[in-house]
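Beneath this line is the structure, given in structure tokens, with notes to follow.
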Amino acid sequence: MALSKPIFLTHLKTLAKTNHPSPSAASFISFRRSLSFSSPEEAAAERRRRKRRLRIEPPLSSLNRAQSQAQQSTKPQQSQIPQNPNSPKLPETVSALSGNRLNLHNRILSLIRENDLDEAALYTRHSVYSNCRPTIFTVNSVLNALLRQSKYSDLLSLHRFITQAGIAPNVITYNLIFQTYLDCRKPDTALEHYRQFINDAPINPSPTTYRILIKGLVDNGRLPKAMELKDEIGVKGFAPDPIVYHYLMTGCVRSGDSDCVFRLYEELKEKLGGFVEDGVVYGGLMKGYFMRGMEKEAMECYEEALGEGSKVKMSAIANNSVLDALSKNGKFDEALRLFDRMIGEHSPPRRLAVNLGSFNVMVDGYCAEGRFKDAIDVFRKMGDYRCSPDTLSFNNLIEQLCNNGMLGEAEEIYREMGEKGVNPDEVTYVLLMDTCFKEDRADDAAGYFRKMVESGLRPNLAVYNKLVDGLVKVGKIDEAKSFFDLMVKKLKMDVASYKFIMEALSEAGKLDEVLNVVDTMLDDDGVECDEELQEFVKAELRKEGREDDLGKLIEEKERQKAEAKAKEIEAAEAAKRSARAAVSSLLPSKLFGNKDSETESAEASGNVIEAASVNEAAQGGQEEIFGGTPSIDADGKSAVEAGTEGVGSAGIETNK
Amino acid sequence: MALLMAIRRARGRIESSFFKVRLANSSNFTFNRNSNNNQTLSTSAIPDDYHRPSPPPQQQQQKAPFRGFQNQGQFKPSYQQPRAPNQWNNLNQGYPPVQNPNQWTQRVQSPNRDQVVEDQTPVSSPPPPSIEDLIRFCETGKVKEAIELMEQGVKADWNCFHRLLDHCAESKSYENAKKVHDLLLQSTCRGDLQLNNKVIEMYGKCGGMTDARRVFDHMPDRDMQSWHLMINGYADNALGDDGLHLFEQMRQLGLKPTRETFLAVFSACASADAVEEAFIHFKSMKDECGIDPGFEHYMGLLGVLGKCGHLNEAEELIEGLPFEPMAEVWETLRNYARIHGDVDLEDRTEELMVALDPSKAVANKIPTPPPKKRTAISMLDGKNRISEFRNPSLYKDDEKLKASIGMKEAGYVPDTRYVLHDIDQEAKEQALLYHSERLAIAYGLISTPARTPLRIIKNLRICGDCHNAIKIMSKIVGRELIVRDNKRFHHFKDGKCSCGDYW
């Protein structure tokens, strides 16, 4: 008995909290406890319960739920609260990851390590149709691996699949999806998903959710929205996060708003009680001072963060942003000193003071000073500190070298990419191609373009135009034509591109090939061969007195097109007829026979089909007739035999 | 296939009905069960059995009134309503009363009388059971045998129960747990605090938190251990909310939480996704209860963050620990990173762990493939010019290729020509869904491991619609589906059938 009273009271309290309290309950508890939350603990609990309550209507009392959760097979399930089937499911807890499902998880993890992501994703899908459904943790692992390898479309399709398969996502899944959309430069879609998450999901976001969103929004140039979101964090009951402020400050610096930088810093300082221990914001702050020309203050700030006896904790990211502030604002010597210090402090694995970003900043710094040799040296030194560059940092260095006429060095770096297993992307090739043209090495430029297309990359029309333009300029019309032939099947070319190659060809006097191009152009549905262009071709042809050729060609094309269309229509008709015949043959008199007499003829022609399908129906029908009635005797001998004796199939075997 | 399901259902029912029989007349149990197993469901008998209306549960209840125990637990949780105090002490309390007292006492008094034994176990006649046998069974963990002996009237002592409860908890068998608890209630030890705590622990392990709560509510006296076991039990059964609720009650009753209480609370928070509350409790532990957080409390917090998927926050927690993290801490985080599939964090934590404790190094580990991008750390924000040069959509020829592949994946459209009944279109589509081969495949899929082939045997010819459906299914589920109808074998694989659509 001792317990029953408190239980009753808390029961009432939960009722009262759900915003439709019965009057008696409210008055009853009012003397005990006011309805507003008396402690932060209650506020937190309420936030969480509100999320979970979405799941079940009417609002659950925890006592009833304990009842319904009892999973004993011997008991009838009548006392369960009827659940709204549309309400979101709670994600599984870590305890679900045991036994077979844990084995599956480990198996998928090793596939991920082997970088066989297609197989990992496929196996996850296939496991949904088995006695061992993948947990959300397994799915998250695959999604995370796909994101790591930038396989966005695979990621989204797997996510769609698990949504359909009813595997409830957890906060990590949501974070991955936000990250994906933001990486794909679709901030609006990401925000849409965020709104859905906040409104519908039975779980709360994590601080990481906001880091991802705010960084992504800043990177996508949506600073105002990011600021809005920052204010939301406080409302959700999270502590202010210096990293979020760092992202926002970076965004402000980029948009040149130094006031905003200081506002953010003051706000964070106030929220954290007067001192910011995390060094990550100091780089942004220094940039703010530099922007206003307050060099002295900037260096004071530097002193505060990294001077003797400073209490500020500097992570690698914090170091990098300070390093960046120094090297971009004419303090390169100071930056070098800091970099040496960072390298000295670096002692992996415990203390990571430098990372890839530090080296990128230093490369930029050296290049800005015109010390390209040093830039290349420091870039190559990266490996000694267990940092590995990605495509973007290679591109950065190659771009710096190319812009300063050091094509030889750039090509050497490009070769290093191959050795290190980093795949070049379109940017790498286009940088090299452009520079080759500048240095009158048109053949090499064409070679880079060809390599790019062959390695499965997809340069766009602008790149193609650049190439053809460059080739035509040095008089390599045949080369240009060959690239036209290669790319016309791939790219959606516009009129200008067609016209350019035609001009080039006609100038070289290759009128047959011009007509060839017109031919392809007429085939291309994306562009129209307009009057102006026709005039141009005619004028070119006239020079050799062949202006009729164009007319002939166009007529021929139109005739072909008309023929193809007629054929298509005929085929569609035929398909329709046969379908009708098939249907009417099955339901001869009742529905179709009386209604439209015109099908009669069709029926006649579809006689063969009819005969066949009736025959079929008679055989299959045996089953239908019994199938509908309660007796299942006819199907009595159907049986499943699993190839291996699974849990369930073993049960069946014994029955036979 | 419908038939198969019928078999299963019927089997389930038969077993449960025998189970009931056992309760009603436990002495016949062994005999009946044996006969049940020998009978093993010949296929012919089943459809009838299936169509016979199953007796409603109320009927059962009338026949055997004391079965009310289980039903009551379901419909009226006794702890939910306040009751008069004397009701709590009521011996019968919804539990099966001692059945037929004469029989019971007789058995208790003379467990060794040959005559009685022969009556009870007609199939085999073991030597007369004695307390020594029972102790031996308890020692060796033979719970089933021990229960049988006790049902034959051998009286167990405190030690026996203690061991039995342990074994039940280990084997996580709810059925056995229930039986042992019933027997405990009939014994003289029923009020013992330690045994009751054991019972709570056992139910917690077996997933019967409703029963655990009932025991907890009915305990004549409780110690802190009981509270901890309850909260932990809730946490283990993913009912962390209830655990936190209980903690609240505990504080309202004025009990002073101890170090262990907070550990239990943290695990409850972990299972309820209550990250924020965990930190509030952690703070109140220091401020209100004056308990200095120890290593285990920090690990508790780490568990809350890790289980809820807040990995970055967990890493930050470790960075902010007041002591230097040892290998164990990193190992814990490594395990959470593994669970949530964060490869980079896993590698980093593993390295830290191995640096601190080289014995934990993982042999022949596959090196992690490098990520394609390191945007998070590269400091090259805004320098990515890929969008200037890359074609945003697929190339025309790629699109064509994809379209031609996509064509093969065409969706399923019900072909109602194969339904000959005169019913409307929708009903026809419905009817197609219940063809036996499809049900058989559906059942086969959910009861076998992924990618194993399924063999379906059917005594009628497969219909065209099912043939199409199975072709598509084989592609989606990634298995070989071998269907034998009365004409031939069909091997469905990757969306194609070996019969080449001609059969």
(message) Restricting to the stretch A:398-417, name every residue that is farther than 19 Å from A:Ser150 by Cβ and either among the aromatic types (Phe, Trp, Tyr) or in contact with a Pro (Cβ under 8 Å, 6 or more places away or on another chain) (or both).
(response) A:Tyr414
(message) For the list (1) modelled with pLDDT under 85; (2) closer than 25 Å to A:Val463 by Cα, I need the number of the one condition that A:Val583 fails.
(response) (2)
(message) over 22 Å from A:Lys331 (Cα atoms) and part of a helix (DSSP H, G or I): is that true of A:Lys269 in this structure?
(response) yes
(message) All but one of (1) in a helix (DSSP H, G or I); (2) loosely packed, with under 14 Cβ neighbours inside 10 Å; (3) away from chain B (no Cβ under 14 Å) hold for A:Lys499; state the number of the condition that does not hold.
(response) (2)
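Restricting attention to the stretch B:349-364, report how many residues are at the interface with another protein chain (Cβ under 8 Å from one of its Cβ atoms) and either in a loop (DSSP other than H, G, I, E, B) or open to solvent by less than 50 Å² (accessible area, probe 1.4 Å) (or both). Lay out the reasoning, then the answer.
Narrowing the stretch B:349-364 to residues at the interface with another protein chain (Cβ under 8 Å from one of its Cβ atoms): B:351-352, B:355.
Filter again for either in a loop (DSSP other than H, G, I, E, B) or open to solvent by less than 50 Å² (accessible area, probe 1.4 Å) (or both), leaving B:352.
The qualifying residues number 1.
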(request) Take the residues in the stretch A:322-368 that are of a type in the set (S, T, N, Q) and out of contact with any Phe, Trp or Tyr (no Cβ under 8 Å at 6 or more places or on another chain), then tell me which one is surrounded by the most Cβ atoms within 10 Å (Cβ to Cβ). (result) A:Asn360
(request) Exactly one condition in (1) open to solvent by 60 Å² or more (accessible area, probe 1.4 Å); (2) within 14 Å of chain B (Cβ to nearest Cβ); (3) more than 25 Å from A:Arg542 (Cα to Cα) is not met by A:Leu461; state its number. (result) (1)
(message) Exactly one of these conditions fails for B:Phe247: (1) over 22 Å from the mean Cα position of the chain (by Cα); (2) aromatic (Phe, Trp, Tyr); (3) within 23 Å of B:Trp158 (Cα to Cα). Give me its number.
(response) (3)
(message) Is it the case, given these coordinates, that A:Phe197 is aromatic (Phe, Trp, Tyr), within 27 Å of B:Lys475 (Cβ to Cβ) and either over 13 Å from the mean Cα position of the chain (by Cα) or open to solvent by less than 30 Å² (accessible area, probe 1.4 Å) (or both)?
(response) no
(request) Within the stretch B:203-216, identify whether any single residue is buried (at least 23 other Cβ atoms within 10 Å of the Cβ) and more than 14 Å from every other protein chain (Cβ to nearest Cβ), and answer yes or no. (result) no
(message) All but one of (1) surrounded by fewer than 20 Cβ atoms within 10 Å (Cβ to Cβ); (2) part of a helix (DSSP H, G or I) hold for A:Gly221; state the number of the condition that does not hold.
(response) (2)
(request) Restrict the check to the stretch B:304-321 and report whether at least one residue is within 29 Å of the chain's Cα centre (by Cα), open to solvent by 20 Å² or more (accessible area, probe 1.4 Å) and at pLDDT below 95. (result) yes
(request) Please work out which one of (1) among the small types (Gly, Ala, Ser); (2) open to solvent by 10 Å² or more (accessible area, probe 1.4 Å); (3) over 24 Å from A:Ser87 (Cβ atoms) is the condition A:Gly237 fails and give its number. (result) (3)
(message) Checking the condition without any contact (Cβ under 8 Å) to a residue 24 or more places away in the chain, part of a loop (DSSP other than H, G, I, E, B) and open to solvent by 90 Å² or more (accessible area, probe 1.4 Å), which residue from A:Asp548, A:Asp525 passes?
(response) A:Asp525
(message) Looking at (1) part of a helix (DSSP H, G or I); (2) farther than 28 Å from A:Thr124 by Cβ; (3) more than 7 Å from chain A (Cβ to nearest Cβ), which one does B:Pro414 not meet, given that it meets all the others?
(response) (1)
(message) Just to be sure I understand, how many residues within the stretch B:330-383 are of a type in the set (A, V, I, L, M, F, W, C) and under 30 Å from A:Asn396 (Cα atoms)?
(response) 6
(request) Could you tell me which numbered condition B:Asn197 fails, if it satisfies all but one of (1) more than 12 Å from chain A (Cβ to nearest Cβ); (2) among the polar types (S, T, N, Q); (3) open to solvent by 30 Å² or more (accessible area, probe 1.4 Å)? (result) (3)
(request) Among what's in the stretch A:149-182 and is buried (at least 21 other Cβ atoms within 10 Å of the Cβ) and touching a Lys or Arg at 6+ places or on another chain (Cβ under 8 Å), pick the residue that is farthest from B:Ser393 (Cα to Cα). (result) A:Ile167
(message) If I ask for residues that are at the interface with chain A (Cβ under 7 Å from one of its Cβ atoms) and crowded, with 19+ Cβ neighbours inside 10 Å, which ones from the stretch B:421-440 would you list?
(response) B:Ala431, B:His435, B:Ser436, B:Glu437, B:Ala440
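The values are calculated or read from the model by the stated rules, or taken from the named source; none is laboratory data. Please read all numbers here as calculations on a predicted model, not as lab measurements. Note that each Cβ is placed from the backbone with ideal geometry, even for glycine, and that neighbours are counted across all protein chains shown. Ligands, DNA and RNA are excluded from the accessible area calculation, which covers all protein heavy atoms including side chains. Shrake-Rupley method; radii C 1.70, N 1.55, O 1.52, S 1.80 Å.
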